[in-house]
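The values are calculated or read from the model by the stated rules, or taken from the named source; none is laboratory data. Here the structure is a predicted model, which means the values were calculated and not measured. All Cβ positions, even for glycine, are placed from backbone atoms using ideal geometry, and neighbour counts span all protein chains on display. All accessible areas refer to the heavy atoms of the entire protein, side chains included, with ligands and DNA or RNA removed. Shrake-Rupley method; radii C 1.70, N 1.55, O 1.52, S 1.80 Å.
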Amino acid sequence: MSRYNAKIIENYQLAEDFYKMTIDAKKIAQWAYPGQFIHIKIPGDNSLLLRRPISINGIDVKTGQLDIVYQVVGKGTKALSKLKKGIGLDILGPLGKGFHIPEGTKKLYILGGGCGVAPMRFVGQRWRHLDIYSFLGFRSQSTVFQLNDFECFSRKVFLSTDDGTMGYKGSIVSLLNERLSIEKTDLLLACGPIPMIKALQKVVSEHDIPCQISLEERMGCGVGGCVVCSCVIGNRKQWDYKKVCTDGPVFWSQEVILDGES
Amino acid sequence: MENLNLGVNMAGLSFKNPIIAASGTFGFGLGYEDYLDLNILGGISVKGLTLEARKGNPPPRIAETPSGILNSVGLENPGIEYFLDRTALPLRQFDTVIIANINGNTSDEYCHMAEKLQDAPIDMVELNLSCPNVKEGGIAFGTDPKTVYSITKAVKRHTSQPLIVKLTPNVTDISQIALAAQQGGADVISLVNTFLGMAIDARTRRPILNNITGGLSGPAIKPLALRMVWQVSQLVEIPIIGMGGIMTGEDVVEFLLAGATAVSVGTANLVSPTAMIDILDGLKNYMTANKITNVNELIGGLITEGGNKL
Ligand SMILES: Cc1cc2nc3c(=O)[nH]c(=O)nc-3n(C[C@H](O)[C@H](O)[C@H](O)COP(=O)(O)OP(=O)(O)OC[C@H]3O[C@@H](n4cnc5c(N)ncnc54)[C@H](O)[C@@H]3O)c2cc1C
Ligand SMILES: Cc1cc2nc3c(=O)[nH]c(=O)nc-3n(C[C@H](O)[C@H](O)[C@H](O)COP(=O)(O)O)c2cc1C
Ligand code: FES
């Protein structure tokens, strides 16, 4: 982990609200692990003080290039979407503890919802030798991205949209639930919005499936120094605040308590 | 650039340069070695300590506002015993001034902590009378000159470590509070802690911070902080550590001109873990460009006669 000036190689719109950026970041690409993130300083506007955490979407070890996919939701991501190739980005990375595949894992289910699909592409690329089944949830057909990439490394891709314009209509967690009733998996890795994660926690505990989830929280430093990025880890009797930036963002599903979150 | 003298002295201690990591923004310093050599720093004020471990406030604990941030950490820390057992010694191996920032619910708690720190391998104690994010103690103490005086005096009796008293800016007349700290026996005054503020998300109609209110820091508060440092420096004799929105070497110079002997860097550490390297370099560049060989020449060097016209 270190601070770099990474040149933008390309930056273009992938789907409605979603952009993909490729940057030249050899050192990060060399060390990065699926589930880790980079922390980006938004150039050009000093009033946007804080860096933005964005998951690593994929890497090319040979060229040292790194992809991110981000959804435009506010000022920072809007400014990112306007950046031209050739500009240098001030980034920290790779940060956080990523997903971890226990020894003996053969079958792997991966699940992503919305911008939570982004980090799962890196998971699939890194562990493509496993039997991967992908579960991808989107709002609508217009927001679907990188489906081809998932088809490349997956035995099968399950897709849902909230409005039914593509794939199954409804929540991707219901599709997963159906699938688990037919065929279990050694491990599930997931990332997505809080309501989806809450539903997922219920489903994996009913089916008794080991599951790791990647969490989001507002961050400051990203390196463990300011303790603003807390999440609740433990059980209802005994819990602690842990730091999403350095203790996570990936945690075991059964130890994540999301009571207060919405 | 080799001949620059950056050292400053406060309370009988020498600092290799006037740049100190601000409490709560740099953890316990350890873990930053990947990004910067802790030995280059003038000092490190560690994360605010309490007698017992504290969980702090529920998230979200941070909100970005124009050129500033609001935080509502609420003094999450592992407690003073943990600090003494696990952190103080590893930190001591670095050649920099180590400052223990302490926070109590009562005057007795502050005294008790100061006693525990008496023989600890640290250099200074910083009495935080200014945390805006806890229900008891903190800011409630720091807004009343009588309480500031009595707690400072009480703590002074329990420790011979040099004592910094950290002030809250959420008061009508900060000079009176600073005077009270000086009369109580403070060796150094540090200011400012954060300004009480809040942020609302118009879309959801909810506060962004779970705690609703939080403390504002960063460049947004720099003019307010500068004014307060200047006001206090007009009145008190003891040295001042100035802070509030320092992001560059020139910001450091401004605080020194206003009367601070040293400065703390807080929010900038949240923006980049390497910020203090750049700030120190910026200070050196300023000195070289302006032919200043000793940083002490800048302290209190504000030119006011003749207005701002040259
Ligand atoms: C570990 C991690 C990985 C992430 N990976 C991705 C990704 O791959 N793709 C993607 O599109 N998004 C990702 N996010 C969410 C992304 O960080 C936010 O959408 C982004 O910071 C919003 O910035 P903004 O300026 O556009 O929004 P604004 O609302 O204007 O931002 C204001 C402040 O709130 C913070 N903030 C707002 N929403 C979030 C959020 N959901 N999580 C954390 N901070 C937030 C911003 O960082 C900023 O400090 C990730 C978040 C985390 C914590
Ligand atoms: C996340 C965060 C945590 C803080 N925690 C403490 C603390 O524990 N004790 C303390 O005395 N000040 C604390 N502060 C205040 C800073 O030390 C500093 O006084 C303030 O942020 C102003 O400086 P800045 O604008 O450079 O950040 C904290 C500030 C931030 C942003
Ligand atoms: S963002 Fe600073 S500790 Fe996690």
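Worth pointing out:
- Partner lysines for residue A:107 [C-alpha distance under 16 Å; skip if fewer than 8 residues away on the same chain]: A:156, A:184
- Set the Cα radius of gyration of the protein assembly as shown against 2.2 N^0.38 Å, with N its number of residues, and you get 1.04.
- Straight-line cross-link partners of residue A:84 among the aspartates and glutamates, defined as a Cα under 13 Å from its Cα and at least 8 positions apart when in the same chain: A:10.
- Highest-fluctuation residue, B:152, B:274, B:194 considered, GNM on chain B with Cα pairs under 10 Å: B:274
- For segment B:191-205, Karplus couplings with θ = phi - 60° (6.51, -1.76, 1.60), whole Hz, Gly/Pro x: 7, 10, 7, 7, 8, 4, x, 8, 9, 10, 8, 4, 5, 9, 6
- Summed residue charge, Cβ within 15 Å of residue A:150's Cβ, Lys/Arg positive, Asp/Glu negative: +2
- √(5λ) per eigenvalue of the Cα gyration tensor, chain A, largest first, Å: 28, 22, 18
- Ligands, DNA and RNA are left out, and with a 1.4 angstrom probe the accessible area of chain B is 40 Å² per residue.
- Degrees, to the nearest 10: A:194-207 long Cα axis against longest axis of chain A: 30 degrees
- Top of B:200, B:208, B:177 by mean-square fluctuation, Gaussian network on chain B, Cα under 10 Å: B:200
- Environment charge at residue A:234 (Cβ cut-off 10 Å; Lys +1, Arg +1, Asp -1, Glu -1): +1
- Largest-first principal axis extents of the Cα set of segment A:24-129 (Å): 49, 29, 21
- Candidate cross-link partners of residue A:75 among the lysines, defined by an alpha-carbon separation under 16 Å and a same-chain spacing of 8 or more, comprise A:41.
- Cβ-defined net charge surrounding residue B:286, 11 Å radius [Lys, Arg +1; Asp, Glu -1]: -2
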